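I have placed the structure first, in the form of structure tokens, so that the comments after it can refer back to it.
The values are calculated or read from the model by the stated rules, or taken from the named source; none is laboratory data. Just so it is clear, the structure is predicted and the values come from calculations on it, not from any experiment. A quick note on method: Cβ atoms are made from the backbone with ideal geometry, for glycine too, and the neighbour counts reach across all protein chains shown. Heavy atoms of the whole protein, side chains included, go into the accessibility calculation; ligands, DNA and RNA do not. Shrake-Rupley method; radii C 1.70, N 1.55, O 1.52, S 1.80 Å.
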Amino acid sequence: MPPAPRYWLMKSEPDECSIDDALAAPDATVAWTGVRNYQARNFMRDAMRVGDGVLFYHSSCAEPGIVGIARVASGTRADPTQFDAASPYFDATSRLDDPRWLLLDVQAVRKTRVLGLPELRAVPALADMVVLRKGNRLSVMPVEAAHWALIVGELLA
DNA sequence: GCCAACGTTGGC
DNA sequence: GCCAACGTTGGC
């Protein structure tokens, strides 16, 4: 069995939680609410471990791209927004005694320059990154160690 | 605002 | 279990 991925990319809409918001939070740590996709949830539940590296990505904004480095700071627990009827993430079919949606804590490590999509696409060694795949809609996805090394060690160094 | 791509739902 | 319709994501 291949080793579990140790690096991830997590998308956040900056209007909701930007890298600045995360850095300003107590302990620079935020609860990653709002994941409503089974594949993304399963990555969090089954594969992500405390200490794993995270590329903090801004989506649905003027300049989408990687904007910071973070780390996984907890295991998963129920996402309370699924039970909040006032939340856009409310899920009327999820049960308190069997929560469908999970979250984990993410701790921001540092803000970086914006490493935007056009720049990422221009690097041949990054061509098969999940985030660059056409039609990709995952909000939590694995990052290969070599891609992490190139991005964190060189492009954002 | 547009629209391609994708995941989910639900009828059959 | 199939698959068309629908809703959502997210870049542009």
>> Using a probe radius of 1.4 Å on heavy atoms only, what accessible surface per residue do you get for the stretch A:66-120? Whole Å² is fine.
In response: 49 Å²
> When you take every Cα atom in the stretch A:7-155, what is the radius of gyration, and what is Dmax, the widest Cα pair distance, in Å?
Replying inline: 15.1, 47
> What number, rounded to the nearest 500 deg cm²/dmol, is the helix-based mean residue ellipticity at 222 nm of chain A, given -39500 (n - 2.57) per DSSP H run of at least four residues and division by all its residues?
Replying inline: -3500 deg cm²/dmol
> Projected onto the charge dipole of chain A (+1 at Lys/Arg Cβ, -1 at Asp/Glu Cβ, origin at the Cα centre), which of A:Tyr57, A:Leu120, A:Pro14 gives the Cα projection farthest towards the positive end?
Replying inline: A:Leu120
>> Charges at C-beta only: +1 for Lys and Arg, -1 for Asp and Glu. How large is the resulting dipole of the stretch A:37-93 about its Cα centre, in Debye rounded to 20?
In response: 220 debye
> What residue among A:Pro118, A:Pro14, A:Pro26 has the largest mean-square fluctuation in a Gaussian network model of chain A, using Cα springs under 10 Å?
Replying inline: A:Pro26
> In debye, nearest 20: dipole of chain A around its Cα centre with unit charges on the Cβ of K, R (+) and D, E (-)?
Replying inline: 400 debye
> Between A:Leu138, A:Leu117, A:Leu103, which gets the highest mean-square fluctuation from a Gaussian network model of chain A, Cα cutoff 10 Å?
Replying inline: A:Leu117
